1. In terms of solvent-accessible area of protein heavy atoms at a 1.4 angstrom probe, what is the ranking of Ile229, Ile100, highest value first?
2. If I take R0 = 22 Å and measure r between the Cβ atoms of Lys34 and Arg97 in this structure, what FRET efficiency does the formula 1/(1 + (r/R0)^6) give, to the nearest 0.05?
3. Among 214-222, 84-92, how do they line up from the highest to the lowest mean number of other beta-carbon atoms within 10 Å?
4. 5 Å is the cut-off here: which amide hydrogens, built 1.01 Å from N in the peptide plane, fall below it relative to Leu214, excluding neighbours closer than 5 in sequence?
5. Can you give the extra length, in nm with one decimal, that the chain gains between Asn191 and Lys227 once fully stretched, where that is 0.36 nm per residue apart less the Cα-Cα distance?
6. Work out the charge dipole of region 55-106 with +1 on the Cβ of Lys and Arg and -1 on the Cβ of Asp and Glu about the Cα centre, then indicate which of Ala63, Val84, Val102 is farthest towards its positive end.
7. Accessible area of Lys128, 1.4 Å probe, to the nearest 10 Å²?
8. On a 1.4 Å probe surface of the protein chains, which of Lys96, Lys43, Lys34 comes out largest in accessible area, and what is the full order?
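The values are calculated or read from the model by the stated rules, or taken from the named source; none is laboratory data. The structure displayed is predicted, hence computed values, not measured ones. With ideal geometry, Cβ positions are generated from the backbone for all residues, glycine too; neighbour counts draw on all protein chains shown. Side chains are part of the model used for accessible areas, which takes the heavy atoms of the whole protein and leaves out ligands, DNA and RNA. Shrake-Rupley method; radii C 1.70, N 1.55, O 1.52, S 1.80 Å.
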Amino acid sequence: MKINRLFLMLVALFVCQTLVAQRNVLDAYKELQKYDKNLDYYKLFKKGNDWKTTSNADYEMSATVDFKNGYIEIDDDGTGGGTVNVQVVLFRTIDKRELIGVTTHRIFDGDFAGATYDFWKSTDSGWKNVTKEVLPTNFNYTNFCTQKIANVDAGFEKDINYRILLPQHGTTAKLYLSDALMMKQSDCERNNIDKSECELVELLQNNSYEYVELIWDKDNTRFKLGKGIENKQ
């Protein structure tokens, strides 16, 4: 009887230690601030029942901190001339580690200024950037084509960027062609790039999925390419 009681106490202690060791999304956010300057800028604080941060235009604004779904989002409109969107999402790995996705999307004065995405895994020695291990290595603009497009210049791909929309609910993320493609279209309208590239841009605009699903594969700690989703509008 004493042995069984001791065994149960040890099990309970182990479970408690495991639960304490696991970080919630805000814990991870605060730790990652020293790794990611975008997060370091937006300090989160609670005011009453609401979470707040400070805009890049130096005023207080609301932020989303959803502990239940492991989700943080900040939408910073600044002074109205630009927008910075930051998403932070907590995933649990098969080995009980935390995996954090961090995305930033910037638009200023109507022009796309860039999208970044990083994935960090907790280790015994701190956080490790595992973006290359977590994302599919074989995605490119052809994954967005609803029909095959031939005779594409090999250099076209290097100018195409991507952005990722992380999920607040569930584990499926969305992969988008960044607004850089729209900028190329604008250049075409101003005749700033060659005709063949403009024709390709037009094909992509008219024959592309809105986004491609990124399916979370917990067993292998990575995302897999899912199906393309067409714009319903």
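1. Solvent-accessible surface, decreasing: Ile229, Ile100.
2. The calculated FRET efficiency here is 0.75.
3. In descending order of packing, they fall as 84-92, 214-222.
4. Amide H neighbours of Leu214, under 5 Å, 5+ apart: Ala173, Lys174, Leu175, Gly226.
5. This chain segment gains 9.5 nm when fully extended.
6. Of Ala63, Val84, Val102, it is Val102.
7. Around 100 Å² of this residue is reachable by solvent.
8. So the residues, ranked largest to smallest area, are Lys34, Lys96, Lys43.
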